[in-house]
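K.L.:
Would you mind keeping the following structure in view while I ask a few things?
What follows draws every value from the coordinates through simple rules; no lab data is involved. Given the structure is predicted, the values throughout are model-derived calculations rather than measurements. Using ideal geometry, Cβ is built from the backbone for each residue, glycine included, and neighbour counts are taken over all protein chains shown.
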Amino acid sequence: MKFGTMQSVLKCDIGEVFHRAAALGYHSVELDWNSPADALPGGRMSPSMRDMIRMTARTNGITIASVAAHFLNAANIANDDPAAVANAILNIKRGITLCADIGAGVLLVPFFYDAEIVGEAGIERLVRALKTLAPDAEKAGVVLGIESTLPAAANLAVVAAVGSKNVGIYWDMANGMAVGYDPVADAKALAGVIVQVHAKEFVRDAGPVGSRSAPRFDMLNHKALGHGDVPLAAILSALRSGGYTGHVVCETGTFGTVSASAAADLATLRAAS
């Protein structure tokens, strides 16, 4: 496995993030795509900027593991509004091109908040749209990583229904705990379909256990990685046993200075592996 960090964890812009990640000892970076405009002419990841982004990463010895399309949490391809789905498909296609241009292997496609996958109808819309998008991803050599609160069995069913090696699950080791899942069991169940992993902390409290309808996202990253209730070593062992060799990307909180906190996260991952 290779250890990376999200751009947002290092709290710096795209011109600085690769140098900072390399200085801390990380192998890879996940770039933040916060608005569709970022990838359009004039944006910070516009077509005219992409050669420079790729070159800067390479110069610093950093792999661009992925691009996270955060704005899709406002509306995505599982929504019940056809116009929203069409717009999301357009932006995912743009994201596939973006990833191919800068050398990122995975486009993170998130389904939280207003983009939550609701019911069987939502799953059907998701599968239908992914079947539309898969040929573009395959042609570009980019993998679509679906990150959601669906249980492992549903995630497996979605991947099987789409039937493309370029569609898989972007798995977060703590988000599942926030909705009541067992992360070690899920890491084992999803072996073979996990395309990338977020490392994050979760802290249990005296309040109710989370569920999909009432998630405990409020308890994510309340402590530094390795200091909460995420069974990090057991998760990494389960991932390794399942054949996962990809990137584990920190999506962690800041405790102390940004650099010291990010360095501690990397040390924790290395010690747990």
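K.L.:
Run through the DSSP bridge list for the stretch 127-273 and note the antiparallel percent, rounded to the nearest 5.
P.N.:
10
K.L.:
Compute the separation of the alpha-carbon centres of the stretch 6-35 and the stretch 52-130 and state it in Å as a whole number.
P.N.:
If you average the Cα positions of each part, the centres end up 19 Å apart.
K.L.:
So, R0 is 41 Å and r is the distance between the beta-carbons of A37 and T257; what FRET efficiency does that work out to, to 0.05?
P.N.:
0.85
K.L.:
Just to be sure I understand: if I project the alpha-carbon convex hull of the stretch 100-141 onto a plane and average over all orientations, what area do I get in nm²?
P.N.:
3.5
K.L.:
I've got another one for you. Please give me the summed charge of the neighbours of I89: other residues whose Cβ is under 13 Å from its Cβ, Lys and Arg +1, Asp and Glu -1.
P.N.:
Here the count lands on +3.
K.L.:
Among G256, G163, G176, which one shows the highest mean-square fluctuation when the chain is modelled as a Gaussian network with alpha-carbon springs under 10 Å?
P.N.:
Largest GNM mean-square fluctuation: G256.
K.L.:
Let me ask something else. Given the chain, what percent of its DSSP beta bridges are antiparallel, to the nearest 5?
P.N.:
Here the antiparallel bridges make up roughly 5 percent for the chain.
K.L.:
Only one of the listed values, [x] 17.5, 51; [y] 23.3, 76; [z] 30.3, 120, was derived from the coordinates as Rg and Dmax of the Cα atoms in Å; which label is it?
P.N.:
Only one option fits the structure, namely [x].
K.L.:
Which of the residue pairs K2/K223; K2/K165; K165/K200; K139/K165; K93/K200 have a Cα-Cα distance greater than 18 Å in the structure shown?
P.N.:
Values: K2/K223 23 Å; K2/K165 21 Å; K165/K200 26 Å; K139/K165 11 Å; K93/K200 28 Å.
Listed pairs above 18 Å: K2/K223; K2/K165; K165/K200; K93/K200.
K.L.:
Within the set of other residues whose C-beta is less than 14 Å from the C-beta of A153, count the net charge using Lys and Arg as +1 and Asp and Glu as -1.
P.N.:
In short, -1.
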